[in-house]
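The values are calculated or read from the model by the stated rules, or taken from the named source; none is laboratory data. Since the structure is predicted, the reported quantities are computational estimates derived from the model, not experimental observations. In this analysis, Cβ positions are derived from the backbone assuming ideal geometry, glycine residues included, and neighbour counts consider all displayed protein chains.
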Amino acid sequence: MINRRDFLKFTVKGIAGVALPLAAFEIVNPRKLFADKSDTSRVRYVFLIDTYKCVGCGMCVKACKLENEIPYDANVTRTWVERYVITKDGKTFADTPKGARDGFTTSRIDLGMGKFQDIKNEDIDKAFFVPKLCNQCENPPCVQVCPVGATYQAPDGVVMVDRDWCIGCGYCIMGCPYGVRFFHPVYHTAEKCNFCYHRITKGLKTACVDVCPFGARQIGNIKDPNDPVTKIIMTERVGILKEEYGTKPQAFYIGLDREVK
Amino acid sequence: MVHGELWTLKELFVYPNEYIYWSVQIVMYPFMTGLVAGAFVLSSLYHVFGIKQLREMARFALVFSFALLFVAPMPIVLHLQHPFRGVNIFMTPHFTSAIAAFGIVFSAYGAIVASELWFLYRKHFVEVALPLKEKQDKGLLEWLKFFVFCSLTLGVYDVSEETLKRDEKAIRVLAAIGIPVACFLHGYAGFIFGSVKANALWMTPLMPVIFIMSAIVSGIALCMLTYIVTMELRKWVSSRKKSPYRYSESKQELAGVEVNVIKITAKYLLMFLVLAITLELLDLIFRGYTAVKSWDVIRSVIYGRDFTDIFILQYAIGNLIPLVLFLLPGLTIRRAVLGVCFVLFGVFMMRWNVVIGGQAFSLTFAGYMHYHLPIVPYDWETFKEGLAGALSIALMPFPLFWVMSKIFPVFDAKGSH
């Protein structure tokens, strides 16, 4: 029978024998890889939405779907527009039929389950539109909860998904307080707005910014003090969504209302 | 069709991408791991704390826990959109995620249960393997049996008193390590939910503890149920096999053992049941008392939309009725069966109310989502995320247990120590 001394000896040898070849492997950090390709640390993309300018036409949603190959009729979208109607008796109604892909074609509020609510114009206190998209949070909960590291944040702040590595557990979808994530109907992996990363890294604007006829959407680099978006964020009063979650969202809103969800 | 759209109905204001992404398989996952952990804790009560009356139950529970262990990750595999990439969790674990630890915790726990089983059944393996080794003309089945048991001995044929004593010590140590690991295995399933800050219903530090308590409750309940069923089968078999004289004696003997074991186990079930209910009510009261922003929508779900699921099915049928059934004096087998069935149902409903209930309201706090479980499967998706998938998971441990009991005899007291 093996004695204790030999057992310990063998164990140490065995562990050393296994550990040595394993040490040759390096766990590759996607962030590091990214940094090696280009020095983007001087860029931090942010988004600015002027809700006063949005009319709810839905061009941004349409453009986004086409640009990013999200099936046009699928009931998911990387960006959407919400309509808020606050009536004189203090009630708040909100809807976003098909993410406002086709705009808001009727004044009736979509209550879901096939029900609609008619609101007379004279009953309305205020009404407005709020475009939504990924906030590219400084502290993204979706990146934190991904069990395989398939979703990651680039040094310029944009959070992306690796379609080849995502296992489709849905934890990131559950972890996002803004509801911007969903499963791609074709690839069956987590999907989200990435500020049209293929465009912005080439110096272009995002599809939604480009297409917006009223200039309600703008993208900028907060690290550049001369950027017009940075100037607005620094000098004017802007709001962010769901601050209480500690996610440090980087989509800034002009004219945010307390009723915005 | 978008994943989740099939079984989700949206009402009022819900974000366009919101669906019930975590459906019935995610209800099954904590339910099954809970059974694993619970069964193990039950077996440890004897091995670690030396509760002699649970001797019979301990061996049974350990083997059952091992059978359940293989089923526990199955719901996740069925739930994943890319099940074949599940192995990525082991290849590139991202440790800030609660799910990433799954591989490590699960394998550690599996190793502990497997080694404990080995020490427990080592003598049995040797006793089966040795006579077969000496036998000259072995049939095909005997060869197979010989190979299986020979490899199971791992080349150790020493079954002297001294080594067996040492085995017992090893079992005690393993069981002692196993308790925190089992609790961790399940507590961490609770952590997966409790740490989702975006979900107002899930986010509470109590979640892991609540999960552990209800896990132990459900594990004990399932062990009791399976124990009763197998004992009844044994009684039935013994009444068919033996001569009239022998049969009545053995049947009474078996029945006596059965009632004794069940009575003792029921006491532990009650203890953990009370703990679980207390914690769950504490959570509910605390939410109502602090009434933060999300309380309005959560209240409307708990006291309105899900009232039947929570207060009737979970608390009344799943907790209150079994509590009364077990507290009434003179526990009979029939009442115990009824009680444990209600307990199992109650724990399942608790998981349901956490997982589905947590997605019953929108992130907007101004809308609701209704879940419709796919009953009749007509494609792979409706099978795996529907009633059929959930039932297959629920039934899977039993054939596995039957196979395992061929290798680890749960009742033959002579075969092990």
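So, A:I232, is that one under 30 Å from A:P147 (Cα atoms), aliphatic (A, V, I, L, M) and surrounded by fewer than 18 Cβ atoms within 10 Å (Cβ to Cβ) or not? Break it down into steps so the answer makes sense when it comes.
Numbers: under 30 Å from A:P147 (Cα atoms): no; aliphatic (A, V, I, L, M): yes; surrounded by fewer than 18 Cβ atoms within 10 Å (Cβ to Cβ): yes.
No.
The rows are residues; the columns are (1) within 18 Å of A:K261 (Cα to Cα); (2) within 14 Å of chain B (Cβ to nearest Cβ); (3) modelled with pLDDT of 95 or more.
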site: A:G112; (1), (2), (3): yes, yes, no
site: A:P140; (1), (2), (3): no, yes, yes
site: A:Q153; (1), (2), (3): no, yes, yes
site: A:I167; (1), (2), (3): no, yes, yes
site: A:G179; (1), (2), (3): yes, yes, yes
- What tally of residues in the range A:215-257 results from selecting those that are within 14 Å of chain B (Cβ to nearest Cβ) and of a type in the set (D, E)? 3
- Residues in the range B:3-38 that are part of a loop (DSSP other than H, G, I, E, B), touching a Gly at 6+ places or on another chain (Cβ under 8 Å) and of a type in the set (D, E, K, R): how many? 1
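Residues B:R59, B:R85: which one is among the charged types (D, E, K, R), in contact with a Cys (Cβ under 9 Å, 6 or more places away or on another chain) and modelled with pLDDT of 85 or more?
B:R85
Does A:A190 satisfy the criteria of being under 21 Å from B:V14 (Cα atoms) and either free of Cβ contacts under 8 Å to residues at least 40 places away in the same chain or of a type outside the set (K, R) (or both)? Don't jump to the end; show me each part of the working.
On the way: under 21 Å from B:V14 (Cα atoms): yes; either free of Cβ contacts under 8 Å to residues at least 40 places away in the same chain or of a type outside the set (K, R) (or both): yes.
So A:A190 passes the test.
Just to be sure before I move on: is B:L327 out of contact with any Lys or Arg (no Cβ under 7 Å at 6 or more places or on another chain) and under 28 Å from B:E258 (Cβ atoms) in the structure I sent?
On the way: out of contact with any Lys or Arg (no Cβ under 7 Å at 6 or more places or on another chain): yes; under 28 Å from B:E258 (Cβ atoms): yes.
When the stated conditions are applied, B:L327 passes them.
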- Task: Sort through B:F286, B:F272, B:F211 and tell me the only one that's part of a helix (DSSP H, G or I) and in contact with a Pro (Cβ under 7 Å, 6 or more places away or on another chain).
- Result: B:F211
- Query: Is it true that B:P131 is more than 14 Å from chain A (Cβ to nearest Cβ), of a type outside the set (S, T, N, Q) and either in a helix (DSSP H, G or I) or more than 30 Å from A:Q144 (Cβ to Cβ) (or both)?
  - Reply: yes
- Item | Residue in the range B:373-384 that is part of a helix (DSSP H, G or I), of a type in the set (D, E, K, R) and closer than 25 Å to B:M1 by Cα present | yes
- Message: Just to check your reading of the model, which residue among B:F90, B:F64, B:F102 is among the hydrophobic types (A, V, I, L, M, F, W, C), more than 11 Å from every other protein chain (Cβ to nearest Cβ) and surrounded by 13 or more Cβ atoms within 10 Å (Cβ to Cβ)?
- Response: B:F64
- Note on the structure: Checked B:G288, B:G330, B:G304 against criteria (without any contact (Cβ under 8 Å) to a residue 60 or more places away in the chain, small (G, A, S) and either within 14 Å of another protein chain (Cβ to nearest Cβ) or within 25 Å of B:V229 (Cβ to Cβ) (or both)); the one match is B:G330
- Note on the structure: Pairing a residue in the range B:190-218 that is more than 14 Å from every other protein chain (Cβ to nearest Cβ) with any residue that is in a helix (DSSP H, G or I) and polar (S, T, N, Q), where Cβ atoms lie under 8 Å and the two sit 6 or more apart in sequence or on different chains, gives B:A215/B:T33
- Item | Members of the range B:3-21 that are surrounded by fewer than 22 Cβ atoms within 10 Å (Cβ to Cβ) and more than 7 Å from chain A (Cβ to nearest Cβ) | B:L6, B:W7, B:T8
- Query: Out of all the residues in the range B:349-357, is one or more assigned by TED's automatic domain parsing to the domain that holds B:I228 and more than 18 Å from B:M213 (Cα to Cα)?
  - Reply: yes
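Residue under question is B:L130, and the condition is that it be free of Cβ contacts under 8 Å to residues at least 12 places away in the same chain and assigned by TED's automatic domain parsing to the domain that holds B:L42; does it hold? Can you show your working first?
On the way: free of Cβ contacts under 8 Å to residues at least 12 places away in the same chain: no; assigned by TED's automatic domain parsing to the domain that holds B:L42: yes.
Criteria not met by B:L130.
Might you let me know whether the range A:115-135 holds any residue that is within 9 Å of chain B (Cβ to nearest Cβ) and in a loop (DSSP other than H, G, I, E, B)?
Our first condition is that a residue be within 9 Å of chain B (Cβ to nearest Cβ); within the range A:115-135, this holds for A:115, A:132.
Cutting the leftovers down to in a loop (DSSP other than H, G, I, E, B) gives us none.
No.
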- Task: Of the conditions (1) out of contact with any Lys or Arg (no Cβ under 6 Å at 6 or more places or on another chain); (2) over 23 Å from B:F193 (Cα atoms), B:Y46 clears all except one; give me its number.
- Result: (1)
- Message: Return the residues of the range A:194-253 that are part of a loop (DSSP other than H, G, I, E, B), in contact (Cβ under 8 Å) with a residue 12 or more places away in the chain and among the aliphatic types (A, V, I, L, M); say none if nothing qualifies.
- Response: A:A216, A:I222, A:V238, A:I240, A:L241
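Taking B:V41 as the residue in question, decide whether it is within 25 Å of B:I104 (Cα to Cα), assigned to a helix (DSSP H, G or I) and touching a residue at least 24 places away in the same chain (Cβ under 8 Å). Before the answer, list the steps.
Numbers: within 25 Å of B:I104 (Cα to Cα): yes; assigned to a helix (DSSP H, G or I): yes; touching a residue at least 24 places away in the same chain (Cβ under 8 Å): yes.
So B:V41 fits the description; yes.
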